[in-house]
Amino acid sequence: MAAYFVYKISPTIAKLVKPMALLESFENYKDARNYARTQRQDSSNDPHDTFKVIFADNPLDAEEKLAELREKPIMKEWEK
């Protein structure tokens, strides 16, 4: 069953491998979003860590989606 997963992604020098840890999973987006926001604001967390919410079928699928290398979007002239 699909769910919303919240991951903590730590910065690294190598861009191929992202060290990530599953923090929590939620049934609805609102709870996952609020949890991620509180983690971002928590002063005990490293300020360089990134907290992501992703919708996936299972934790393995979520990690694969987060590990994908995506191309940067092309900015139009009026967006600069």
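Things worth noting here:
- Only residues that are touching a helix residue (DSSP H, G or I) at 6+ places or on another chain (Cβ under 9 Å) and closer than 15 Å to Lys65 by Cα were counted in segment 17-49, giving 4.
- Taken over segment 28-70, the criterion of being within 14 Å of the chain's Cα centre (by Cα) and assigned to a loop (DSSP other than H, G, I, E, B) is satisfied by His48, Asp49, Glu68, Leu69, Arg70.
- Any pair with Cβ under 7 angstrom, 6 or more apart, that starts in segment 48-74 at a residue that is within 9 Å of Phe5 (Cβ to Cβ) and ends at one that is among the aliphatic types (A, V, I, L, M) and assigned to a helix (DSSP H, G or I): Lys52/Leu66; Val53/Ala32; Val53/Ala36; Ile54/Ala62; Ile54/Leu66; Ala56/Ala62
- Looking across segment 1-51, the residues that are small (Gly, Ala, Ser), closer than 18 Å to Asp61 by Cβ and loosely packed, with under 13 Cβ neighbours inside 10 Å come down to Ala2, Ala21.
- Listed conditions (1) touching a strand residue (DSSP E or B) at 6+ places or on another chain (Cβ under 6 Å); (2) assigned to a loop (DSSP other than H, G, I, E, B); (3) surrounded by fewer than 13 Cβ atoms within 10 Å (Cβ to Cβ) are all met by Ile74, apart from (1).
Every number in this text was worked out from the coordinates using simple rules, so none of it is lab data. Quick caveat, the model's predicted, so the values are computed rather than measured. With ideal geometry, Cβ positions are generated from the backbone for all residues, glycine too; neighbour counts draw on all protein chains shown.
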